[in-house]
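Just below is one structure, and these are the notes that go with it.
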Ligand code: PLP
């Protein structure tokens, strides 16, 4: 039996939702844009999904758009902002964003004559609000900050930053991919213009991204074509995906409180065992409860990950969203973690499906493997 601890990379779908998805693909396959009643039924299902997501986030359904993944959503939002910048040239972000943000900004810099500042976090992995705001000046047209970091689990002061930006003519995007089912994330206060989400991070299907675009915030269509998603994102809609994603989101939020409490307990057990084995914990204290990033000096990440996968225990070196060789080590580097420890970091990320037994086996395998690899 496998023990899966790589949930920040992707999650397992619940059996009934996987079955629902399959049956929707098999039986309710009409194009939601078709005029016949079979198609209209799918159009209604798609709107039902939008309404459920909007309800989960306390926003208007017209502020929700479906895409293919969070990377697409992020590309859309960041690239769209270029058209509304006027003469301003600057974007402010953090140096620990996901590559979907950092590499898009890098690309924008080469094609659009903009500049961007990456604000580094403090040693606890959290970005200082004052430091970030001190970079926001009259030249700034966009700020992009992640809510929770996928590598360490650190929670960023995304709401405080949004509140401080209120009244300033600066657009604000929050990468909220690692929040759903982990921390309360609600857009009711309207503290940002845009937010991005990804269904496969909260036990939904792969291939479904979600964009929140606040009413009145400027946005330009990303994919042009048949005018779907109210002209913003053309292409035949993934109705089964959106519908199942919306149910998965609702379940993740409903289960959050109980699940976080259990995971916090598991997190503490893991931290205690790692320390007893001479490991160093890179995850700050008030992080999302599902994540523990740790280093065992002298054992390179990939060596430990490979050794544990021989035992059917699967965890991450860092971000599985990046190429295999270029993981999330940069996040630890930015926190000032010694490079010799950063290259030995592993990411243990749980979900509400993680059991007591899974954690006991992980700890047992760490106790067996770490001392062997140290010598
Ligand atoms: N942002 C964060 C914080 C992530 O953790 C990830 C994936 O790990 C992404 C964005 C990209 O998500 P997707 O896989 O849906 O493109």
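The values are calculated or read from the model by the stated rules, or taken from the named source; none is laboratory data. Here the structure is a predicted model, which is why all the values come from computation and not from measurement. Because the Cβ atoms are built from the backbone with ideal geometry, glycine has one as well, and the counts that use them run over all protein chains shown.
Structure notes:
- Of all residues in the range 216-232, those satisfying the criterion of being surrounded by 15 or more Cβ atoms within 10 Å (Cβ to Cβ) and either within 16 Å of the ligand (Cβ to nearest atom) or farther than 20 Å from residue 79 by Cβ (or both) are 222, 223.
- All positions within the range 72-125 that are surrounded by fewer than 18 Cβ atoms within 10 Å (Cβ to Cβ), in contact with a helix residue (DSSP H, G or I) (Cβ under 6 Å, 6 or more places away or on another chain) and under 25 Å from residue 153 (Cβ atoms): 95, 120, 123
- Sole residue being more than 20 Å from residue 179 (Cβ to Cβ) and touching a strand residue (DSSP E or B) at 6+ places or on another chain (Cβ under 6 Å), chosen from 79, 88, 45, 62: 88
- Residues of the range 173-215 satisfying the condition of being more than 16 Å from the ligand (Cβ to nearest atom) and within 23 Å of residue 105 (Cα to Cα): 191, 193, 213, 214
- Among the residues listed as 170, 143, 151, the single one being free of Cβ contacts under 8 Å to residues at least 60 places away in the same chain and either surrounded by 24 or more Cβ atoms within 10 Å (Cβ to Cβ) or within 16 Å of the ligand (Cβ to nearest atom) (or both): 143
- Cβ-Cβ distances below 7 Å connect no pair with a first residue in the range 178-204 that is under 21 Å from residue 287 (Cβ atoms), a second residue that is modelled with pLDDT under 95 and within 11 Å of the ligand (Cβ to nearest atom), and a separation of six or more residues or different chains.
- Lone unmet requirement of (1) away from the ligand (no atom under 16 Å from the Cβ); (2) within 27 Å of residue 215 (Cα to Cα); (3) outside any helix (DSSP H, G or I); (4) in contact (Cβ under 8 Å) with a residue 40 or more places away in the chain for residue 87: (4)
- Every condition in (1) more than 16 Å from the ligand (Cβ to nearest atom); (2) over 28 Å from residue 202 (Cα atoms) holds for residue 63 except the one numbered (2).
- When the range 66-82 is filtered for residues that are within 14 Å of the ligand (Cβ to nearest atom) and either more than 16 Å from the chain's Cα centre (by Cα) or part of a helix (DSSP H, G or I) (or both), the ones remaining, listed by number, are 70, 71, 72, 73, 74, 75, 76, 77, 78.
- Total residues in the range 340-354, condition assigned to a loop (DSSP other than H, G, I, E, B), without any contact (Cβ under 8 Å) to a residue 60 or more places away in the chain and buried (at least 22 other Cβ atoms within 10 Å of the Cβ): 1
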